[in-house]
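Engineer: Handing you this structure, nothing more for now.
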2 protein chains.
Amino acid sequence: MDKRQKLIETAFRLFYQHGIHAVGVNQILEEAKIAKKTLYSHFESKEKLLEAVLEYRDARFVEWASQRMQQEHAGKAAILALFDALDDWFNDRVENLAAFHGCLFINTCSEYGDPSSTPHQLCRAHKRRIHELVKQELKTMAVAETDYLADMLTMLKEGAIVTAQVQGDKLAAKKAKRLAEQLLSSATIQ
Amino acid sequence: MDKRQKLIETAFRLFYQHGIHAVGVNQILEEAKIAKKTLYSHFESKEKLLEAVLEYRDARFVEWASQRMQQEHAGKAAILALFDALDDWFNDRVENLAAFHGCLFINTCSEYGDPSSTPHQLCRAHKRRIHELVKQELKTMAVAETDYLADMLTMLKEGAIVTAQVQGDKLAAKKAKRLAEQLLSSATIQ
DNA sequence: CATAAAGTAGACAAATCGTTCTACCAACGG
DNA sequence: CCGTTGGTAGAACGATTTGTCTACTTTATG
């Protein structure tokens with residue numbers, strides 16, 4: 001088995017559940033049943049491990065989201081499918097994403113507030129990627145102001161995630177979907 | 001000078017800027033120029049100090065937000081004033097709130113993921129208070145579904161905060177205001 | 001003025017942090 | 001068969017964590 005991958009996945013689970021500074025490397029090693037030297041042969045520091053975790057999560061998440069969108073017809077249906085996907089995520093119906101504890105990237109920015117730090121920038125890049133996904137979908141539709149619409153749809157998504165996490169509102173995605181629908185209806189030209 | 005208050009304000013500033021686990025009590029004491037024994041005579045632990053910080057921030061923030069809303073005519077203008085207030089906050093034009101580093105309550109929930117923990121519950125209570133503020137304003141208006149509208153407006157607010165923090169998008173509040181306007185227009189009966 | 005309360009600085013304890021290190025073992029290719 | 005590679009366990013290091021403690025000083029009040 002790939003030790004490096006095992007470290008990334010274990011660290012992800014612990015960071016996601018308890019926060020980054022709250023989890024020590026010893027705890028990661030214990031759970032992964034991997035020796036300390038092995039960790040430091042693959043990663044030069046805890047922060048480098050975190051960076052690998054963020055890249056791993058980004059890849060998995062974007063892959064999942066885009067698949068869910070592409071399962072529907074391009075355009076409005078695809079975008080609404082994203083909010084259905086969020087609903088599944090919030091209610092722990094997606095095995096690949098681990099039990100919902102908010103967004104790892106938002107959580108990470110809370111702990112790495114300096115925008116010039118590498119973790120913060122990786123989080124920013126992830127959000128840009130999701131934004132791009134939505135924007136590309138909008139471009140296949142007959143709508144004006146795709147930039148503004150993509151901004152609002154992703155902002156709505158962030159709001160739903162935070163509401164689901166902080167308030168424990170399991171219906172957050174369903175509510176957000178309704179507003180997204182309205183937004184798309186009033187924006188569609190044809 | 002009230003040492004207890006000085007401790008709360010110093011701890012707030014540091015927690016807000018760097019995160020909670022990243023800041024040690026020694027650092028708080030150094031900056032506040034207060035002895036360790038004094039801290040532990042006022043608060044039985046770091047977490048109790050955090051709880052006092054959350055209560056302090058909650059009071060200041062709700063006071064500020066409701067004042068900004070009440071400066072406008074009741075109803076739609078008051079709610080839109082909230083988004084103008086957010087814009088000032090994101091762009092560091094509000095002295096009382098300290099330099100923008102996202103929302104302390106969202107940040108805290110990232111580090112205290114367990115919803116049954118006291119810090120998490122204090123954050124939840126704060127968000128409920130803001131939600132109530134918006135909902136009461138909606139009740140003075142001729143709109144149906146005040147619950148749904150309050151949900152969406154606060155969700156939009158959370159999305160704007162996260163976008164401003166993670167993406168560094170200083171225009172997030174202005175964009176959110178535009179969608180809020182549209183939402184209120186299409187919901188108004190008269 | 002005297003006493004009590006509340007502050008000070010900072011040493012200290014016990015634990016944990018991230019990181020480096022030694023010593024050893026197993027598998028594999030030349 | 002021997003040396004390299006990559007793994008193991010875990011000791012050790014120095015720094016830092018939260019929290020307690022001693023000893024002293026300031027301040028307020030009766």
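Engineer: Taking each residue in A:110-117, count the Cβ atoms of any other chain within 10 Å of its Cβ, then average. What number comes out?
Structural biologist: Values: counts 15, 8, 3, 9, 3, 5, 0, 0.
Per-residue shielding by partner chains comes out at 5.
Engineer: Per residue, how much space in cubic angstrom lies within the convex hull of the C-alpha atoms of the range B:129-190?
Structural biologist: Details: hull volume 4.4 nm³, N = 62.
Taking the convex hull of the Cα positions in the range B:129-190, it is 71 Å³ per residue.
Engineer: Where Rh is the Kirkwood radius over the Cα pairs of the protein assembly as shown, the temperature 10 °C and the viscosity 1.306 mPa s, what D in µm²/s does Stokes-Einstein return?
Structural biologist: Numbers: Rh = 21.8 Å.
The Stokes-Einstein estimate is 73 µm²/s.
Engineer: For the range B:72-83, just list the computed ³J(HN,Hα) in residue order, Karplus coefficients 6.51, -1.76 and 1.60, θ = phi - 60°, integers in Hz, with x standing in for Gly and Pro.
Structural biologist: For the range B:72-83, the Karplus-derived couplings read 9, 5, 4, x, 4, 4, 5, 5, 5, 4, 4, 6 Hz, x marking Gly and Pro.
Engineer: I would also like to ask the following. Excluding A:Asn91 itself, calculate the net charge of residues whose Cβ lies under 13 Å from the Cβ of A:Asn91, where each Lys or Arg counts +1 and each Asp or Glu counts -1.
Structural biologist: Counting the neighbours of A:Asn91, the net charge comes to -3.
Engineer: What quantity of accessible surface, computed with a 1.4 Å probe and excluding non-protein components, is buried in total between chains A and B, in Å² to the nearest 100?
Structural biologist: Working: alone 10150 and 10170 Å², together 16910 Å².
It comes to approximately 3400 Å² buried between A and B.
Engineer: Within the set of other residues whose C-beta is less than 12 Å from the C-beta of A:Ile20, count the net charge using Lys and Arg as +1 and Asp and Glu as -1.
Structural biologist: -3
Engineer: Going down the table (B:Lys46/B:Lys157; B:Lys3/B:Lys46; A:Lys177/B:Lys139; A:Lys175/B:Lys177), which pairs top 21 Å between alpha carbons? Don't skip to the end; give the middle numbers.
Structural biologist: On the way: B:Lys46/B:Lys157 30 Å; B:Lys3/B:Lys46 16 Å; A:Lys177/B:Lys139 24 Å; A:Lys175/B:Lys177 18 Å.
Violating the 21 Å Cα-Cα cut-off are B:Lys46/B:Lys157; A:Lys177/B:Lys139.
Engineer: Between copies, how close do the B:Ser185 label points come, placed 7 Å along Cα→Cβ, listed in nm from shortest?
Structural biologist: So the label point of B:Ser185 gives 1.6 nm to the other copies.
Engineer: In nanometres, what is the gap between the two model label sites at A:Asp92 and A:Lys48, each 7 Å from Cα along Cα-to-Cβ?
Structural biologist: 3.6
Engineer: In µm²/s, what is D for the range A:53-187 at 20 °C and 1.002 mPa s, where D = kT/(6 pi eta Rh) by Stokes-Einstein and Rh is the Kirkwood radius from Cα pairs? It would help to have the intermediate numbers written out before the result.
Structural biologist: On the way: Rh = 15.2 Å.
Calculated translational D: 141 µm²/s.
Engineer: Sum up the charges of everything whose Cβ sits under 15 Å from the Cβ of B:Glu47, counting Lys and Arg as +1 and Asp and Glu as -1, but leave B:Glu47 out.
Structural biologist: Values: positive: B:Lys46, B:Lys48; negative: B:Glu44, B:Glu51, B:Glu55, B:Glu111, B:Asp114.
Summing Lys/Arg as +1 and Asp/Glu as -1 gives -3.
Engineer: Now a separate question. To the nearest 20 debye, what charge dipole does the range A:39-190 have about its Cα centre, counting +1 at the Cβ of each Lys and Arg and -1 at the Cβ of each Asp and Glu? Present the calculation step by step, with values, prior to reporting the outcome.
Structural biologist: Working: 19 positive and 22 negative charges, 58 e Å.
Approximately 280 debye in magnitude.
Engineer: Let me ask something additional. Can you give me the Cα centroid spacing of the range A:83-121 and the range A:151-168 in angstrom?
Structural biologist: After rounding, the separation between the Cα centres reads 11 Å.
Engineer: Something else: If I take the Cα coordinates of the range A:19-122 and project them onto the principal axes, what are the three extents in Å, biggest first?
Structural biologist: For the range A:19-122, the Cα spread along each principal axis is 49, 33, 21 Å.
Engineer: Could you work out, residue by residue across A:125-135, how many beta carbons of other chains sit within 10 Å of that residue's beta carbon, and then give the average as an integer? Working shown, then result.
Structural biologist: Values: counts 0, 1, 5, 2, 0, 0, 2, 0, 0, 0, 0.
Across A:125-135, the average partner-chain Cβ count within 10 Å equals 1.
Engineer: So between A:Gln67 and A:Lys37, what do we pick up on full extension, going 0.36 nm a residue minus the alpha carbon distance? The partial results should precede the final answer.
Structural biologist: Numbers: separation 30, 0.36 × 30 = 10.80 nm, distance 3.78 nm.
Length gained between A:Gln67 and A:Lys37: 7.0 nm.
Engineer: Between A:Val94 and residues 5 or more places away or on another chain, which pairs have amide H atoms under 5 Å apart, with H built 1.01 Å from N, and which residues are they?
Structural biologist: Amide H to amide H, under 5 Å and 5 or more residues apart or across chains, A:Val94 pairs with nothing.
Engineer: Explain nothing, just compute: Karplus ³J(HN,Hα) = 6.51 cos²θ - 1.76 cosθ + 1.60, θ = phi - 60°, for every residue of the range B:111-125 in order, whole Hz, x for Gly and Pro.
Structural biologist: Computed from phi, the couplings for the range B:111-125 are 9, 10, x, 5, x, 8, 6, 4, x, 4, 5, 5, 5, 4, 5 Hz.
Engineer: According to a simple spin-label model (label point 7 Å from Cα along Cα-to-Cβ), what is the distance in nm between A:Gln27 and A:Lys170?
Structural biologist: Output for this residue pair reads 2.6 nm.
Engineer: Which of the aspartates and glutamates could a cross-linker bridge to A:Lys36, judged by Cα under 20 Å and excluding same-chain residues fewer than eight apart?
Structural biologist: Answer for A:Lys36, where 20 Å is the Cα cut-off: A:Asp2, A:Glu9, A:Glu44, A:Glu47, A:Glu51, listed by chain and number.
Engineer: Share of Cα-Cα pairs in the range B:18-72 beyond 13 Å, in percent?
Structural biologist: On the way: 1009 of 1485 pairs.
For the range B:18-72, the share of Cα pairs beyond 13 Å comes to 68 percent.
Engineer: I would also like to ask the following. Inside 10 Å of the C-beta atoms of A:94-106, what's the mean count of C-beta atoms belonging to other chains? Each step should come with its number before you reach the end.
Structural biologist: Values: counts 0, 0, 0, 0, 0, 0, 0, 5, 4, 3, 1, 2, 8.
What the average comes to for A:94-106 is 2.
Engineer: Report, for B:Val25, each distance to the same residue's label point in the other copies, shortest first and in nm; define the point 7 Å along Cα→Cβ.
Structural biologist: Shortest to longest, the spacings are 2.7 nm.
Engineer: While we're looking at this one, here's another question. Amide H to amide H under 5 Å from B:Thr188: which residues, 5+ apart in sequence or cross-chain, H placed 1.01 Å off N in plane?
Structural biologist: Counting only residues 5 or more places away or on other chains, the set is empty.
Engineer: Along the positive direction of the dipole of the range A:81-131 (beta-carbon charges: Lys, Arg +1; Asp, Glu -1; about the Cα centre), which of A:Phe83, A:His101, A:Thr118 reaches farthest?
Structural biologist: A:Thr118
Engineer: Using a 10 Å cut-off on Cβ atoms, rank the peptides A:14-26, B:10-22 from the highest mean neighbour count down.
Structural biologist: Working: A:14-26: 18.1, B:10-22: 20.2.
The peptides rank, most packed first, as B:10-22, A:14-26.
Engineer: Taking all protein chains as present, what is the carbon and sulfur share of the accessible area of the range A:65-105, in % to the nearest whole number, probe 1.4 Å?
Structural biologist: Working: 740 of 1850 Å².
Carbon with sulfur: 40 percent of the solvent-accessible area.
Engineer: Let me ask you something else. Give me the 1.4 Å probe accessible area per residue for the range A:53-187, excluding ligands and nucleic acids, in Å². If you can, show how the numbers build up before the last one.
Structural biologist: Working: 5230 Å² over 135 residues.
Normalised by residue count, the accessible surface of the range A:53-187 is 39 Å².
Engineer: Now for a separate question. Rounded to the nearest 0.05, what FRET efficiency do B:Gln17 and A:Ala142 give with R0 = 51 Å and r taken as the Cβ-Cβ distance? Could you check?
Structural biologist: Numbers: r = 45 Å, r/R0 = 0.89.
Computed FRET efficiency for B:Gln17 and A:Ala142 comes out at 0.65.
Engineer: Would you mind calculating the gained length between A:Arg128 and A:Ala59 on full extension (0.36 nm times residue separation, minus the Cα-Cα distance), in nm to one decimal?
Structural biologist: On the way: separation 69, 0.36 × 69 = 24.84 nm, distance 1.30 nm.
Here the segment from A:Arg128 to A:Ala59 would lengthen by 23.5 nm.
The values are calculated or read from the model by the stated rules, or taken from the named source; none is laboratory data. Source: prediction; values computed, not measured. Every residue, glycine as well, gets a Cβ built from its backbone with ideal geometry; the counts of neighbours run over all protein chains shown. We work out accessible area using only protein heavy atoms, side chains counted, and drop any ligands, DNA or RNA first. Shrake-Rupley method; radii C 1.70, N 1.55, O 1.52, S 1.80 Å.
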